[in-house]
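Reading through the C-alpha cells given below for one structure.
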Amino acid sequence: MSQPVSSGPAPASSVPANIGFDVPAAIGMTVAEVETPCLIIDLDRMEGNMRAMARAASDMGVRLRPHAKTHKSPDIARLQQEIGGACGICCQKVSEAEVFARAGITDILVSNQVRGKRKAERLARLPLLGARTIVCVDDPASVAELSQAAVAAGSTLECLVEIECGAGRCGVPPGRPVLDLARAITNAPGLRFAGIQAYQGAAQHIIPHGERQGKIDIAIEMVRQTLSLLAGAGIPCDIIGGAGTGSYEFEGGSGLYNELQCGSYIFMDVDYQTIQGGDGALVETFDNALFILTEVMSTTVPDRAVCDAGLKVQSVDSGLPRIHGRADVKYIGCSDEHGTIADPDNLLRVGDRLHLVPGHCDPTCNIHDWYVGIRNGRVECLWPVAARGKMY
C-alpha cells in the first residue's frame, strides 16, 4: 500500500534535543543514529491509519472511542482526538485512566470491571480532574461499591452494563439481567446509567471473514434483544459500545452500536494482519506503523544472524515478529536479549538495521519507556509511554 500523506507535524515533544543516555534518540537524528532496540513509529502511516478509521466511523454514523491500552500514550490519545475523530478513549485499569485524566483527556471509559473499595475511590476522583468517567458493571455488589465511592467523592460515575456476548470473560447474560442492573444503577446515588457494553474479544482474530462475522452476528442479536427490553422499560442508552480492529465493520454497520472501541488499528501487528476480508484476501485497510528497530550484533554462525531484540523488548504471545520489507531473511527465535534471524545467503552484516513488526502490539508497547516518532527518515518527536506498567 502507498503511505498516507501527513497534513502536518506531530505534536511537539517536551523532551529537549540534548537528552541524556536514558532516551533512545534526539530530535533531528536520522534513523541510523537511534539507539537500538527501541520502538519507532512511522508518523505518516500512523496518522493515515487514524484518518482511515475516522472515515470508516463517520461513514457508518458512529462515534469512535479508541482503546488507549494499545499505546498508553497521552500524546497519541490527543492526536486521535485532533485528527483521528475520537470522542474520547477507553482504558482497562484505573491507574491507566489516572494517567490520561491528569494529561487532560476529558472523556474516559474504563471498559472493564473496577472492584474493591480503594480502586472504586480512585475511580470516583477522576471526575474531579475534569474527566467524564464511565465504567463497566456486571454485578449488583459493584453498583453498591461505586455508588458509595462516588457519594464520598462528591462526583458522578457513569456506568455501562456489560453483556457477556461470547468472549467468555466478564458480563451478564443479555436481556433481563441487564435490565435489572440498569435499574439498580439508576436508583444508586452518585451513579448514572449510560448504556451497554458488548465487546466480543474472542472473535477479533478469527481469520475467515464469514466465521468472524458469524460470531459478531450472535453478539449483535443479543444487543438487539436487550435494547428492546430496555426501551420497553423506558430506559434510554447513550452508549452502545464494543467492536475492535478485527470486527468494527460488523458492529458499526449493525444500526445498533453507536461507539467503536478499536485500538490496534493505529499500529497494526502481525496477528491482526492475518485476518481476511470478505473476498478472502488479507485485510489491508491499515498499514504497519509501529516497529521494533533492531541492529545485527553477530554473524559468526553461517546462515544465521543475531540481533539485539529478544524477549525483553517484545511480546511473542501471538507469534514472532516479521521483518518488514525483507523476504530474504526471517526472524525465527528469541531468548532474553537476542533475536535469531535465518539468513540463508549470509546477506546481513554487524550493524545492519532491521524493522520488526511485533506479533502483538499492545503488550509490546507496555515494555518500552519511549516512542521515537519518525518522518522522512528523521526523528520528529519523542513520546513517553506514560501509562506503561499501569495495571492496577
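Any idea which of Ala103, Ala52 is surrounded by fewer than 19 Cβ atoms within 10 Å (Cβ to Cβ) and under 30 Å from Ala144 (Cα atoms)?
Ala103
Which condition does Asp328 not pass, out of (1) surrounded by fewer than 13 Cβ atoms within 10 Å (Cβ to Cβ); (2) closer than 23 Å to Lys72 by Cβ, if it passes all the others?
Here Asp328 clears every test but (2).
With (1) out of contact with any strand residue (DSSP E or B) (no Cβ under 7 Å at 6 or more places or on another chain); (2) buried (at least 23 other Cβ atoms within 10 Å of the Cβ); (3) in the same structural domain as Ile374 (by TED's automatic domain parsing) as the list, and Gly246 as the residue in question, which single condition is left unmet?
Result: Gly246 fails condition (3) only.
Mind counting the residues in the stretch 92-125 that are closer than 17 Å to Leu260 by Cβ, in contact with a Ser or Thr (Cβ under 7 Å, 6 or more places away or on another chain) and outside any loop (DSSP other than H, G, I, E, B)?
1
With respect to Ile218, is the statement that it is within 21 Å of Ile134 (Cα to Cα), surrounded by fewer than 22 Cβ atoms within 10 Å (Cβ to Cβ) and modelled with pLDDT of 95 or more true?
For Ile218, the condition - within 21 Å of Ile134 (Cα to Cα), surrounded by fewer than 22 Cβ atoms within 10 Å (Cβ to Cβ) and modelled with pLDDT of 95 or more - is not met.
Could you please let me know if Thr300 is of a type in the set (S, T, N, Q) and not assigned by TED's automatic domain parsing to the domain that holds Ile374? Steps first, answer last, please.
Details: of a type in the set (S, T, N, Q): yes; not assigned by TED's automatic domain parsing to the domain that holds Ile374: no.
Criteria not met by Thr300.
Of the conditions (1) out of contact with any Pro (no Cβ under 7 Å at 6 or more places or on another chain); (2) assigned to a helix (DSSP H, G or I), Arg169 fails just one. Which one is it?
Going through the list (1) out of contact with any Pro (no Cβ under 7 Å at 6 or more places or on another chain); (2) assigned to a helix (DSSP H, G or I), Arg169 breaks only (2).
Exactly one condition in (1) over 26 Å from the mean Cα position of the chain (by Cα); (2) of a type in the set (A, V, I, L, M, F, W, C); (3) in a helix (DSSP H, G or I) is false for Ile220; which is it?
(1)
Which condition breaks for Thr70 when tested against (1) in contact with a strand residue (DSSP E or B) (Cβ under 6 Å, 6 or more places away or on another chain); (2) outside the structural domain of Cys365 (by TED's automatic domain parsing); (3) hydroxyl-bearing (Ser, Thr, Tyr)?
Here Thr70 meets the rest and fails (1).
The values are calculated or read from the model by the stated rules, or taken from the named source; none is laboratory data. Worth saying up front: this structure is predicted, and the values here are computed from it rather than measured. Every residue, glycine among them, receives a Cβ derived from its backbone with ideal geometry; neighbour counts consider all protein chains shown.
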